[in-house]
Amino acid sequence: MAFRKKAKYLVEQKADIVIVPECECPEKLIFPEDVPKPDQVLWYGQNLNKGLGIFGYGKIKFKELDCHNRKLKLVIPIEVTKGSMKFNLFAIWANNVKDRKYQYVGQIWKALKCYDNLLTEGPSILAGDFNSNTIWDQPKRKGNHTHVVGKLREKGIYSCYHTYYNCEQGKEVHDTLFMYRHNDKGYHIDYCFASENFINNLITVDVGDHRHWCQLSDHVPLSVTFG
C-alpha cells in the first residue's frame, strides 16, 4: 500500500488505532516531516514491501499476546491498553495463499477456534481486511463468511457496520474495495467486529468516498468511533 505515501490522509482521520494491510515494513516507513509519526508500531509479514501494519497514536499501548499462532496469516492477537481501558484486538489481513482451502476467511475461522478462550475472557475487537463477504459463501465448505459471523455472534461480538446501518450481511450499501480502482467493481470486504459493550457505545461508522481515495488505494477506509 506504500503507507508512507498515504499516512497524511489517514492521520487526518484522528484515529487512535490504524490497521493497514499491504503495508511496507517499518524500516521503509519514512514519513514526510509534516506527518505525525505513530507512537506504537507493530508489523507482520514475510515480504518487506507488503505486510500488516498496526499503528497507535496518543497514549495507547500495544502488546503482542504470547498465544499468537504464526501459522494463521495474518490474524494478530494484541492486548491494547489506554489508561484503565484494556481489550484484545485481532488485527486482520486474511491472506494465506499456501493454505488453499482456507486462504482467506478460512484463516479467521481457524483463528476463532485457536483463540476461543481469549474471545470470551474480555472485550474484543476484530478489524481489518477479511477478504470475504457472504455473497461468496460456499455452503458446503466449513468456515465461510456466514459461519464466521455466526460464531462471533455466539461470543456476543457483532459487526459495527451492520449494526450502525441496520443491514444484513451481503446487503451492504457501501463498498470498501474497488477492483482496479473502478467505481463499478466495488465489494464490501473490510470489517470491524466488536464485543457488545463496545457496540452499546458505538457512535459512528464511516466508509471513505471512492472519489477521494481511488487516487491513493483500491480500498477506502472503514472508520469506527466508540464513546
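Any read-out appearing in this document is the output of simple, stated calculations on the displayed coordinates, not a laboratory observation. These numbers come from a predicted model, not from an experiment. Counting neighbours? That spans all protein chains shown, and the Cβs are built from the backbone with ideal geometry, glycine included.
Mind checking the dipole of the chain: about its Cα centre, +1 per Lys or Arg Cβ, -1 per Asp or Glu Cβ, Debye to the nearest 20? Provide the component values of the computation, followed by the final result.
On the way: 31 positive and 26 negative charges, 149 e Å.
It comes to approximately 720 debye.
For region 145-185 and region 194-227, what is the separation of their Cα centres, given in Å? If you average the Cα positions of each part, the centres end up 12 Å apart.
Taking +1 at the Cβ of each Lys and Arg and -1 at the Cβ of each Asp and Glu, which of Asn197, Ser223, Asn47 sits farthest along the dipole of region 3-226 towards its positive end, judged by Cα position relative to the Cα centre? The residue sitting most towards the positive pole is Asn47.
Quickly rank 67-77, 39-49 as a protection proxy: mean count of other C-beta atoms within 10 Å, highest first. Write out the running numbers ahead of the final one.
Numbers: 67-77: 18.0, 39-49: 14.8.
Result, highest mean Cβ count within 10 Å first: 67-77, 39-49.
Pick from Val205, Val97, Val18 the residue whose mean-square fluctuation is largest in a GNM of the chain, springs joining Cα atoms under 10 Å. Of Val205, Val97, Val18, the most mobile in the Gaussian network model is Val97.
In square nanometres and to one decimal, what's the mean projected area of the convex hull around the Cα atoms of region 101-207?
Values: hull surface 28.4 nm².
It is 7.1 nm².
Here's the list of aspartates and glutamates a cross-link from Lys59 could span, going by alpha-carbon distance under 15 Å and ignoring same-chain residues fewer than 8 apart: Asp16, Asp39, Glu79.
With kT/(6 pi eta Rh) evaluated at 10 °C and eta = 1.306 mPa s, and Rh the Kirkwood radius from Cα pairs, the chain diffuses with a coefficient of 89 µm²/s according to Stokes-Einstein. Estimated from helices alone, the mean residue ellipticity of the chain at 222 nm is -5000 deg cm²/dmol (sum of -39500 (n - 2.57) over DSSP H runs with n ≥ 4, per residue). Charge tally for Lys185 (other residues, Cβ to Cβ under 13 Å; Lys, Arg +1; Asp, Glu -1): -2.
If the segment from Lys113 to Asn200 were pulled out straight at 0.36 nm per residue, it would be longer than the present Cα-Cα gap by 28.8 nm. Packing order of peptides 78-90, 188-200, highest average first: 188-200, 78-90 (average count of other Cβ atoms within 10 Å over each peptide's residues). Stretched out straight at 0.36 nm per residue, the stretch from Phe31 to Ala2 would grow longer than its current Cα-Cα span by 9.4 nm. Placing R0 at 41 angstrom, the Cβ-Cβ distance between Lys140 and Glu12 gives a FRET efficiency of 0.40 after rounding to 0.05. Taking amide hydrogens as placed 1.01 Å from N in the peptide plane, the amide H of Tyr191 sits under 5 Å from those of Gly128, Phe130, each at least 5 positions away in sequence or on another chain.
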